[in-house]
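Trainee: Following this message is one structure expressed as structure tokens.
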Amino acid sequence: MTWNGVQFDLHSVIPWWAMLIYFLIIAALLVYGWRKHVLYNLRTVDFVYMGLLAALLVIYNFFISPLIPRFSTVTSFFYYPIIGETFILFLVAALIGKPGSVMIMMFIYTLLSDIFHYGFGGEPFWFIYEVTAYAALIDMWLLLRGKYMGTPYQRFFGGAATATAGGKPANVRKIPYFYLVDGAVVGFVTSIAYNFWYQGFWATFVEGYSYTTNYVLVTTATNGIMGIIVGIILAPLVYYIKSVVVGKV
């Protein structure tokens, strides 16, 4: 049975029930995050950031990335054009700092990609893939980081929220170079998305492609390690851009 080009093949590396559990967990956490942080707090400028960076991601993935030299001995273990996408997703999370913002941005990106490049074959499942594979885990990290994403500051839930003489709430502490942790998280999530989520489930479910468990695990591990390194390298740049655009948080 096929519909809109979808094969509905469940013989994937990641079993369908594991994907269902994952969806339920992220849905519960993000509903909490959206209710508390997003639905009443998104500003016009946040949508501007999301729209502009989604358009920039389209330009990067379809016009710039294909021009980057690709050597099979390198990209077999780390797909280095993902560096640009990692930077853009990190920038969205840092500039907006609200759970759900990265998911909305990836939804806009997928819509633009379908309109200008892919067409709508395989939908709505590519929307689900892009949003849950690349964005959902970053948004869950934003539940902890909030507006301090991409900065050396961390909010501690046990402290009081009253302002101190330095202008920061009493439950916020400065941890030198903590934004490197943000970079490591975003780099890891972005770099494993294609190998783990696409090759592990969506490529089989939608397109009927088959991958071995060993291949998915090895490429996921190698890309994840390199993604952490890339995210850490990009973190100071994102921190600088946020301090210029947003100012001191």
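Just so you know, all these numbers are worked out from the coordinates, no wet-lab data involved. Computed from a predicted model, the values in this text were never measured in an experiment. Positions of Cβ are generated from backbone atoms using ideal geometry, with glycine treated the same way; all protein chains shown enter the neighbour counts.
Trainee: Treat every Asp and Glu Cβ in region 16-245 as -1 and every Lys and Arg Cβ as +1, leave all other atoms uncharged, and give the resulting dipole magnitude about the Cα centre to the nearest 20 debye.
Mentor: Rounded to the nearest 20 debye, it is 1000 debye.
Trainee: Output the 0 to 90 degree angle, nearest 10, between the alpha-carbon long axis of helix 101-113 and the longest principal axis computed from the alpha carbons of the chain.
Mentor: Value to nearest ten degrees: 40.
Trainee: Between the helical axis of 179-192 and the dominant principal axis of the chain, each derived from Cα atoms, what acute angle in degrees is found, rounded to the nearest 10?
Mentor: Helix 179-192 sits roughly 10 degrees off the main axis of the chain.
Trainee: With θ taken as phi - 60° and the coefficients 6.51, -1.76 and 1.60, list the Karplus ³J(HN,Hα) couplings across region 145-153 in order, rounded to whole Hz; mark glycine and proline as x.
Mentor: Values, residue by residue: 8, x, 5, 8, 4, x, 10, x, 9 Hz.
Trainee: What Rg and what Dmax come out for the chain when only alpha-carbon atoms are used, in angstroms?
Mentor: 18.6, 65
Trainee: Pop out the ³J(HN,Hα) list for region 202-207 in order, Karplus 6.51 cos²θ - 1.76 cosθ + 1.60 with θ = phi - 60°, rounded to Hz; leave Gly and Pro as x.
Mentor: 3J(HN,Hα) across region 202-207, in whole Hz: 5, 4, 6, 4, 8, 9.
Trainee: Okay, moving on. With runs of 4+ DSSP H residues as the only contributors, calculate the mean residue ellipticity of the chain at 222 nm using -39,500 (n - 2.57) per run, divided by the residue total and rounded to the nearest 500.
Mentor: Taking each H run of at least 4 residues, the total per residue is -17000 deg cm²/dmol.
Trainee: For region 128-249, what is the Kirkwood estimate of the hydrodynamic radius, computed as the reciprocal of the mean inverse distance between distinct Cα atoms, to one decimal in Å?
Mentor: 16.1 Å
Trainee: Can you work out the Karplus-derived ³J(HN,Hα) for every residue in region 9-21? Use 6.51 cos²θ - 1.76 cosθ + 1.60 with θ = phi - 60°, whole Hz, and x for glycine or proline.
Mentor: 8, 9, 8, 9, 5, 8, x, 4, 5, 5, 5, 5, 4
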